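Here's the structure, in structure tokens; my notes come after.
Nothing in this text is a laboratory measurement; each read-out follows from the coordinates by a stated rule. Everything numeric here is computed off the predicted structure, so don't read it as measured data.
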Amino acid sequence: MNERLLLTIIAGVIAGVIAGCAVGPTYQTPAVETPVAFKEGRGEWVRAVPADTLERGPWWQLFGDAELDTLASQVEVSNQNIAVAVAAYAQARALVAEQRATLFPTVNLDVGANRSGGRGDTPTRSSYQVGIGGSWEPDVWGRLRRGVESSRAGAQASLADLQAAKLSAQGELAGNYFNLRELDTALSLQAETIAGYQRTLKIAQNRYDAGIAARTDVLQAQTQLANAQAEQLGLERQRAVLEHAIAVLVGKAPSNFSIAPRPVWAGVVPDIPLDVPSTLLQRRPDIAAAERRVAAANEQIGIAQAAYFPSLRLSGSAGLAAASIGDLFSASALVWSVGASIAQTIFNAGATGARVEGARAGLDEAAARYRQTVLAAFQDVEDQLVASRILQSQLVLRQQAAQAANLVEQQVLNRYQAGQVGYTEVVTAQVTAQNARRALVQAQSDRQVAAVALIQALGGGWRGL
């Protein structure tokens, strides 16, 4: 027994020494080409490291809308897409715990009792056993540890996916909310336009009744009024669709959810720093998720390569066996065993090599996806920076156009009442003024939506860094 125990101890020491010989490549983050500065800004880039777990804070509060604050706070709690991501992250964490358990021995306890006999003179016999046994596969080539690291990287990717789901849902909510408020203002303007068209129709009718205008003036005014009323119904439909979308985003049935109209609404657009720190891009959860999946793929290569080498398994057991319970715990009832086994695949027609090559291809694929994600992120930030800049300039021009169109509309209407111009000029002036007012409201909403998109592109805002 002493010799066997000594051999077991020696085998354990040898396994511990060899365990440092893990096979497989050392992980390195894939290199990507990073610009030194924004093309559409003055910020400078730094080499990115994942910082997606930094607290973003309630970035939607930058827009100064209490109702938006209330809605956005409900997204994280009630949105079912986020609930899916939460469950996926919980599964990934459980997989890490399961994989980590493979590093430790497995211990089993067996307890049994048997009674046997037969006919005639065959005596009845009883036997009782109590045994404890264990087995352990030392992680000689690092296969198990790489499995743990791969699972851990997968869990980190799931966490980043969760953050991406939250950011996406919150950004979609904010965008829908601002578009809904733009429709509230558009509906208010449309109501004013309809009232103006009704007054114009009355003027045309009075002039026709007085015999100083043709009936076509009345017909044109009726056509214009009916089209405006139909357009109002279309705006109401668009608003209802957005309201339904917001209900789903906050986890409520559309039939049990409503947002009160706000005809007078002045949207707030947060000031965007001229020098946006490049570190903000590091917070994008989609980049973090892609990078973690590269790390997981890298570990799979080592797992596949470990199959080239033999596996070692140690086992041992000790137990008690006797014909009666009273004798079960006597010294003579003790039985034990220890053992070690080594297994090596001799021939599998190249299956191991194929798995290694497949794992390497998987790493190449994950690295390419990571680089593409980073490039797309650069493009996203640049797109939203130029959109913010252009929309701000467009807003000023839209304001000037709306003011001029309103003056033209009033002057042409006055001249029509004085009989100086035909009704066609009135229609043209009114349509132009209506389009200018709508374009102004749309420009205000577009600036807010672009600001939301920029915040998403930057990984959740720039405040608090």
Rounded to whole angstrom, the alpha-carbon centroid of the range 376-400 lies from that of the range 197-237 at a distance of 38
The Kirkwood hydrodynamic radius of the range 344-465, taken as the inverse of the mean 1/r over all distinct Cα pairs, in Å, comes to 19.8
Computed on Cα atoms only, the convex hull of the range 392-453 has an orientation-averaged projected area in nm² of 4.0
One point scatterer per Cα, no solvent, Debye formula: log10 I(q)/I(0) for the range 130-173 at q = 0.26, 0.28 Å⁻¹ comes out as -0.88, -0.92
Taking the range 73-171, the equivalent ellipsoid from its C-alpha gyration tensor has semi-axes in Å, biggest first, of 52, 21, 8
Shape descriptors of the range 104-257 over alpha-carbon atoms, Rg and Dmax in angstrom, are 40.2, 134
Rounded to whole angstroms and listed largest first, the alpha-carbon spread of the range 113-200 along its three principal axes comes to 121, 46, 14
Partner aspartates and glutamates whose C-alpha sits under 12 Å from that of residue 202, ignoring same-chain residues fewer than 8 away, are 217
